[in-house]
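Asks: Sharing a structure with you now.
The values are calculated or read from the model by the stated rules, or taken from the named source; none is laboratory data. Just so we're clear, the structure is a prediction, and the values are computed from it rather than from any experiment. Methodologically, a virtual Cβ is constructed for each residue, glycine included, from the backbone with ideal geometry; neighbour enumeration extends over all protein chains shown. Please note that ligands, DNA and RNA were not included when accessible areas were found on the heavy atoms of the full protein model with its side chains. Shrake-Rupley method; radii C 1.70, N 1.55, O 1.52, S 1.80 Å.
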Amino acid sequence: MAAVPTALLLIDCQAAFTCGSWARSCGAAEQVAPIRAAFARAAALLASGVLPRKGAAVLCTRCPFWSQRDFAYDESVAARLAGAPCFIKPDNDVFEADGWHEHMSRWLDRCTAAAGAQPGLPVARLVVGGCTLTSCVRVSARETQLAYAARGLEVVVDVSLCGARLANYDSASTPTHPPFRINESPVQCALRQLREVGVHVVHQFDWDALPDAAAAC
């Protein structure tokens, strides 16, 4: 894989979605099992040491909750995310978070200045994971792609690091109105919408394929 500066954005890896108020609102504990699994894979990635070896920055978002327990990072990732830049978004779009646009603009400025002529290659790459895939991940990845593709940013959604309610993987739970399609689950619909705007959707991003220390700029 080419030496393109790469960062990881983890969206809303918060306790609310695994054991807090949002999780309880889903009913059975099994409904949040895909989110717990995604957070566990994110924790393993953060613990592996591959991100600093590749020079990859880690960014986070959180959404507000009345309860500090809900607002806190999930315990699986809390220690690893303690020092990461965090953007608080009041809604499901990361662009609603104070400082996000400014941070991304500065990063792309640095990457553009450092890139030189690399025909056919992106200036920078943002790998996105977190929850939920059908809401905050979908909206934030889509809006980031639309905002920065013209500046050379490649947005990648790593499905292995994303989770949603279990019911949203079932086509039987899909509404009958657009943008949904017959026999398409809400998760499949979200992934299709991302692909339609140019987001790269991958089962698992291959961090080992990046050259060592190639991601920073």
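Asks: Taking only protein heavy atoms into account and a 1.4 Å probe, give the accessible area per residue of the stretch 13-155 in Å².
Replies: Working: 6520 Å² over 143 residues.
Value for the stretch 13-155: 46 Å² per residue.
Asks: Sticking with this structure for a sec: Please give the contour-minus-distance gain from ASP109 to SER21: 0.36 nm per residue of separation, less the Cα-Cα distance, rounded to one decimal in nm.
Replies: Numbers: separation 88, 0.36 × 88 = 31.68 nm, distance 3.97 nm.
Length gained between ASP109 and SER21: 27.7 nm.
Asks: Select one label from (i) 34, 22, 16; (ii) 28, 20, 16; (iii) 50, 20, 18: the one whose number is semi-axes √(5λ) of the Cα gyration tensor in Å as derived from the coordinates shown.
Replies: From the options (i) 34, 22, 16; (ii) 28, 20, 16; (iii) 50, 20, 18, the structure gives (ii).
Asks: So between SER171 and ALA47, what do we pick up on full extension, going 0.36 nm a residue minus the alpha carbon distance? Write out the running numbers ahead of the final one.
Replies: Numbers: separation 124, 0.36 × 124 = 44.64 nm, distance 3.45 nm.
Taking SER171 through ALA47 to full extension adds about 41.2 nm, to one decimal.
Asks: A further question follows. Can you grab the distance from the C-alpha centre of the stretch 68-146 to the C-alpha centre of the stretch 7-22, Å, no decimals?
Replies: 14
Asks: Can you give me the span-like helices of the chain, meaning DSSP H runs with 20 Å or more of Cα extent along the axis and Kyte-Doolittle mean at or above 0.5?
Replies: In the chain, the long hydrophobic H runs are 33-48.
Asks: If I model a spin label at LEU146 and ARG69 as a point 7 Å from the Cα along the Cα→Cβ vector, what separation in nanometres do I get?
Replies: Modelled inter-label distance: 3.8 nm.
Asks: Okay, next question. Given a Förster distance of 35 angstrom, what is the FRET efficiency for ARG192 paired with ILE88, based on the Cβ-Cβ distance and rounded to 0.05? Walk me through the numbers on the way to the answer.
Replies: On the way: r = 29 Å, r/R0 = 0.83.
Efficiency for this residue pair is about 0.75.
Asks: Right, another one. Which peptide among 71-82, 153-164, 12-23, 28-39 comes first, and what is the full order, when sorted by highest mean count of other Cβ atoms within 10 Å? Each step should come with its number before you reach the end.
Replies: Values: 71-82: 17.1, 153-164: 23.5, 12-23: 21.8, 28-39: 18.8.
Result, highest mean first: 153-164, 12-23, 28-39, 71-82.
Asks: Still on this model: Quick one: with all protein chains in place, what share of the accessible area of the stretch 1-138 is carbon or sulfur, to the nearest percent (1.4 Å probe)?
Replies: Working: 3350 of 6100 Å².
Here it works out to 55 percent.
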